[in-house]
Amino acid sequence: MIRRIVKLQIKASEIESFKNLFKENQHRIVAFEGCNHAELWQDKNDNNIFFTYSLWNSEADLNAYRHSKIFKGIWTETKKKFSGKPAAWSLDKMEF
């Protein structure tokens, strides 16, 4: 299982629009083959900073999504709202 975290810095004037964009598309992301979960987090100290958190069965599933029409449409709209460069991490959960 892959955990994907993406940090996004959004223009203040675009925050509500960005939240709505995620809300409108969350079900499409989760419905994509290999995705088990997707949610949006907002920083408590800086309202312009958001994180998406998603769970994927495999890196192949994540990459298939990243090359899909769904992602390209969402990402095109999201990029218009940026006030800084995004950062992304793919992580494995440590089980002890």
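I'd like the orientation of helix 15-31 relative to the chain: the angle between its Cα long axis and the longest Cα principal axis, in ° from 0 to 90, rounded to 10. On a 0 to 90 degree scale, this one is about 20. Here the accessible area is traced with a 1.4 Å probe on the protein chains. For the chain, carbon and sulfur cover 51 percent of it.
With the simple spin-label model, which puts each label point 7 Å out from Cα in the Cβ direction, the Ala88 to Arg3 separation comes to 1.8 nm.
Potential lengthening of the chain between Lys69 and Glu24 amounts to 14.6 nm, from the contour at 0.36 nm per residue minus the alpha-carbon distance. Could you give the length gained by full extension between Phe51 and Ser17, i.e. 0.36 nm per residue of separation minus their alpha carbon distance, to one decimal place? Using 0.36 nm per residue and subtracting the Cα-Cα distance, I get 10.7 nm. Computed over neighbours whose Cβ is under 15 Å from that of Trp41, the net charge equals +3, Lys and Arg +1, Asp and Glu -1.
For segment 1-50, what is the accessible area per residue in Å² when the probe is 1.4 Å? Ligands and nucleic acids excluded, the figure is 62 Å² per residue. Short-range pairs are left out: with C-alpha atoms under 8 Å and at least six residues apart, the relative contact order of segment 24-96 is 23 percent.
The values are calculated or read from the model by the stated rules, or taken from the named source; none is laboratory data. From a predicted model like this one, the values you see are computed outputs, not experimental measurements. Using ideal geometry, Cβ is built from the backbone for each residue, glycine included, and neighbour counts are taken over all protein chains shown. Side chains included, ligands, DNA and RNA excluded: accessible areas come from the protein's heavy atoms. Shrake-Rupley method; radii C 1.70, N 1.55, O 1.52, S 1.80 Å.
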